[in-house]
Amino acid sequence: KGDLQGIIQKADYLQDLGVTCVWLNPIYKSPFKDAGYDIADYMQIDKRFGTMEDLQAVIDTFHARGIRVILDLVIGHTSNKHPWFKKSATAKPNKYWDYYVWTENLFQDHPGLIRGLHDRDGGYLPNYYASQPALNYGFLKPREPWQLPMTHPDAIATREAMKDVMRFWMDHGCDGFRVDMAASLVKNDDEKKSGTSAIWRN
């Protein structure tokens, strides 16, 4: 059926095949501009797939058969419909202002920058599509005043918010994550991805 209840119906079949782990593509609330990889709420199930109760049933059903369940974690960006981004895009500074990578004003230029769509005086960097603003884990080598270093409290706040997302799902029985764009969190990273690696070690 293409939904969570449909997965449950295949549990015995997958067990008979010898499957030991099931990876679910993004099932979070999303406007679906990029097959669910544009997340509008990390802690809600998109209604096209079912409910939180349905996901819990998936986890319990597969765990009873010795099969682990991992989720697809999209950590590099959200949808522009996510509440974090909506608050980040307002004219008045707030807790979420630096959860995303923004320039200081509309007149600054940078490859791929999206400008003029929001009340905020600045442009934001997307990942892939304009509807996927990049989360701000900082820059390994900042070159402009608006590029926060990885050690900046606001870049750390983004990282900690994503830890909370991971804790939320693990508390519900998720066994782990396949991470989308896992090697591309820190901007201006070096060839060894030392900045992004430091975040994952943390």
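Arrange the residues Lys86, Lys187 by how much accessible surface each exposes, largest first, with a 1.4 angstrom probe.
Ranked from most to least accessible, the order is Lys86, Lys187.
In square angstrom, what is the accessible area per residue of the chain with a 1.4 angstrom probe? Could the numbers behind the result be given before it?
Working: 10440 Å² over 202 residues.
Heavy-atom SASA per residue in the chain reads 52 Å².
Hey, which of these cross-link pairs are over 27 Å Cα-Cα: Lys92/Lys193; Lys29/Lys95; Lys95/Lys192? Could the numbers behind the result be given before it?
Details: Lys92/Lys193 34 Å; Lys29/Lys95 22 Å; Lys95/Lys192 32 Å.
Checking Cα-Cα distances, Lys92/Lys193; Lys95/Lys192 exceed 27 Å.
Kindly provide the Kirkwood hydrodynamic radius of segment 1-107 in Å, to one decimal, from all pairs of distinct alpha carbon atoms.
Values: mean 1/r = 0.0636 Å⁻¹.
With all distinct Cα pairs of segment 1-107 included, I get 15.7 Å.
Give, in whole angstrom and from largest to smallest, the semi-axes √(5λ) of the equivalent ellipsoid of the chain, with λ running over the eigenvalues of the Cα gyration tensor.
Working: eigenvalues 240, 67, 36 Å².
The answer is 35, 18, 13 Å, longest axis first.
Which of the chymotrypsin sites (Phe, Trp or Tyr not before Pro) found in segment 1-95 are loop residues per DSSP with 15 or fewer other Cβ atoms within 10 Å of their Cβ? Numbers along the way, then the final one.
On the way: sites: Tyr13, Trp23, Tyr28, Phe32, Tyr37, Tyr42, Phe49, Phe62, Trp84, Phe85; in loops: Phe32, Tyr37, Phe49.
For chymotrypsin sites (Phe, Trp or Tyr not before Pro) across segment 1-95 that sit outside H, G, I, E and B with at most 15 neighbouring Cβ atoms in 10 Å, the list reads Phe32.
Could you please state, rounded to a whole Å, how far the C-alpha centre of segment 109-153 is from the C-alpha centre of segment 62-89?
Each part's Cα centre sits 21 Å from the other's.
Could you estimate the translational diffusion coefficient of segment 139-202 from the Stokes-Einstein equation, with Rh from the Kirkwood formula over C-alpha pairs, at 4 °C and 1.567 mPa s, in whole µm²/s?
On the way: Rh = 12.9 Å.
Value of D from the Cα-based Kirkwood radius: 100 µm²/s.
Nearest 500 deg cm²/dmol is fine: what mean residue ellipticity at 222 nm does the chain get from its DSSP H runs of n ≥ 4 alone, each adding -39,500 (n - 2.57), divided by its residue count?
Values: 6 runs with 58 residues, N = 202.
Computed mean residue ellipticity for the chain: -8500 deg cm²/dmol.
With Rg and the Kirkwood Rh both taken from Cα atoms, where does Rg over Rh land for segment 25-80? Don't skip to the end; give the middle numbers.
Working: Rg = 12.1 Å, Rh = 11.9 Å.
Checking Rg against Rh, the ratio lands at 1.02.
Which residue fluctuates most in the GNM of the chain (Cα springs below 10 Å): Asp180, Asp38, Asp190?
For the chain, modelled as a Gaussian network with Cα springs under 10 Å, the answer is Asp190.
Taking all protein chains in place and a 1.4 Å probe, what share, in percent, of the accessible surface of the chain do carbon and sulfur account for? Let's see the in-between values first.
On the way: 5400 of 10440 Å².
On the chain, the fraction of accessible area on carbon and sulfur atoms equals 52 percent.
The values are calculated or read from the model by the stated rules, or taken from the named source; none is laboratory data. Because the structure is predicted, anything quoted here is derived from the model rather than measured. Please note: Cβ atoms are built from the backbone with ideal geometry, for glycine as well, and neighbour counts cover all protein chains shown. The protein model used for the area step is the full one, side chains on, heavy atoms only, and it has no ligands, DNA or RNA in it. Shrake-Rupley method; radii C 1.70, N 1.55, O 1.52, S 1.80 Å.
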